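Student: Dropping the structure in here first, questions after.
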Amino acid sequence: RKFKQDILNYFKDKNIGLTVEFGCCHGDTTKILGSISKKVFASDISDSNIQLSKSKCKGCDNITLEIKDVNSIWEYTNPDLIYMDALHDFNGMSKCVSRIKQQYPSSIIIMDDYGHEMNTIKPIIDTLISNNEIEVLEWIGEDIGYITANKKTFIGKEGLIFKFKENI
């Protein structure tokens, strides 16, 4: 998939030590993150998703998987990269993005589902862009109009890589 290939291309020459993934689902992106990072902590609220992820990431010794709610305590020391694909509701994502900004202001963030037609991520990111709070490093994944396997049509780019601007 284009989204994962774009992640690989963007980070191929970057030195990523610690990556934290919220919402690892079945582990497909987790495995990609493991290939670009020295260490990955990946979590999901679902035990069955964690079991599938463990199977897909078997042999990837730099990946630690755990059942964890994204709303629980975060005890990660200055992650270089945060991958967010959890809480697919506007209020939950708003709180999570604010929390990332407060707790890990210098981390690079990969946000999935920006252009998904459920339209919960896009308004949050669009507000951050219009308020000049983030620097978009790269738009990634499929383009507007792309139709997914489950017949959803993207209303914007699939995802993005960004950083919070300093002193905002």
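The values are calculated or read from the model by the stated rules, or taken from the named source; none is laboratory data. Keep in mind it's a predicted model, so treat the numbers as computed, not measured. Note: ideal-geometry Cβ built from the backbone for every residue, glycine included; neighbour counts use all protein chains shown. Quick note on the areas: whole protein, heavy atoms, side chains included, nothing else; ligands and nucleic acids left out. Shrake-Rupley method; radii C 1.70, N 1.55, O 1.52, S 1.80 Å.
Student: From the list Leu87, Leu52, Leu128, Leu65, exactly one residue is modelled with pLDDT of 95 or more and within 28 Å of Ile155 (Cα to Cα). Which is it?
Tutor: Numbers: Leu87 fails: modelled with pLDDT of 95 or more; Leu52 fails: within 28 Å of Ile155 (Cα to Cα); Leu65 fails: within 28 Å of Ile155 (Cα to Cα).
Exactly one of Leu87, Leu52, Leu128, Leu65 is modelled with pLDDT of 95 or more and within 28 Å of Ile155 (Cα to Cα), namely Leu128.
Student: Oh, and also: Somewhere in the stretch 91-106, is a residue within 22 Å of Gln51 (Cα to Cα), touching a residue at least 24 places away in the same chain (Cβ under 8 Å) and not in a helix (DSSP H, G or I)?
Tutor: Step one: filter the stretch 91-106 for residues within 22 Å of Gln51 (Cα to Cα), giving none.
Checked against the condition, which is being within 22 Å of Gln51 (Cα to Cα), touching a residue at least 24 places away in the same chain (Cβ under 8 Å) and not in a helix (DSSP H, G or I), the stretch 91-106 yields no hits at all.
Student: Which pairs turn up if I take residues in the stretch 109-137 that are assigned to a loop (DSSP other than H, G, I, E, B) and look for partners that are open to solvent by less than 40 Å² (accessible area, probe 1.4 Å) and among the polar types (S, T, N, Q) with beta carbon separation below 8 Å, at least 6 apart in sequence or on another chain?
Tutor: Asp112/Thr29; Asp113/Thr120
Student: What residue, among those in the stretch 21-46 that are part of a strand (DSSP E or B) and of a type outside the set (Asp, Glu), is surrounded by the fewest Cβ atoms within 10 Å (Cβ to Cβ)? Before you say what the answer is, go through the steps one by one.
Tutor: From the stretch 21-46, those part of a strand (DSSP E or B) are 21-22, 37-44; that's our starting set.
Filter once more, so that each one left must be of a type outside the set (Asp, Glu): 22, 37-43.
Working: Phe22: 22, Ser37: 24, Lys38: 12, Lys39: 18, Val40: 27, Phe41: 22, Ala42: 28, Ser43: 23.
Result: Lys38.
Student: Another question, if that's okay. Run down Asn49, Asn9 and say which single residue is open to solvent by 10 Å² or more (accessible area, probe 1.4 Å), outside any strand (DSSP E or B), within 27 Å of Tyr146 (Cβ to Cβ) and touching a His at 6+ places or on another chain (Cβ under 8 Å).
Tutor: Details: Asn9 fails: touching a His at 6+ places or on another chain (Cβ under 8 Å).
So the residue among Asn49, Asn9 that is open to solvent by 10 Å² or more (accessible area, probe 1.4 Å), outside any strand (DSSP E or B), within 27 Å of Tyr146 (Cβ to Cβ) and touching a His at 6+ places or on another chain (Cβ under 8 Å) is Asn49.
Student: On the given criteria, is Ile108 open to solvent by 10 Å² or more (accessible area, probe 1.4 Å) and either on the phi > 0 side of the Ramachandran plot or within 16 Å of the chain's Cα centre (by Cα) (or both)?
Tutor: Details: open to solvent by 10 Å² or more (accessible area, probe 1.4 Å): yes; either on the phi > 0 side of the Ramachandran plot or within 16 Å of the chain's Cα centre (by Cα) (or both): yes.
Considered against the rule, which asks whether it is open to solvent by 10 Å² or more (accessible area, probe 1.4 Å) and either on the phi > 0 side of the Ramachandran plot or within 16 Å of the chain's Cα centre (by Cα) (or both), Ile108 comes out as yes.
Student: Then there's this: Consider Glu142 carefully, then state whether it is surrounded by 16 or more Cβ atoms within 10 Å (Cβ to Cβ), in contact (Cβ under 8 Å) with a residue 60 or more places away in the chain, of a type in the set (Asp, Glu) and part of a loop (DSSP other than H, G, I, E, B).
Tutor: Numbers: surrounded by 16 or more Cβ atoms within 10 Å (Cβ to Cβ): yes; in contact (Cβ under 8 Å) with a residue 60 or more places away in the chain: yes; of a type in the set (Asp, Glu): yes; part of a loop (DSSP other than H, G, I, E, B): yes.
For Glu142, the condition - surrounded by 16 or more Cβ atoms within 10 Å (Cβ to Cβ), in contact (Cβ under 8 Å) with a residue 60 or more places away in the chain, of a type in the set (Asp, Glu) and part of a loop (DSSP other than H, G, I, E, B) - is met.
Student: Oh, and also: Of all residues being among the hydroxyl-bearing types (Ser, Thr, Tyr) and within 19 Å of Ser35 (Cβ to Cβ) in the stretch 52-91, which is most open to solvent (accessible area, probe 1.4 Å)? Just the residue, please. Show your work before the answer.
Tutor: We begin by selecting, within the stretch 52-91, every residue among the hydroxyl-bearing types (Ser, Thr, Tyr); these are 53, 55, 64, 72, 76-77, 83.
Filter once more, keeping what is within 19 Å of Ser35 (Cβ to Cβ): 53, 55, 64, 83.
Numbers: Ser53: 0, Ser55: 85, Thr64: 49, Tyr83: 3 Å².
Going through the qualifying residues, I end up with Ser55.
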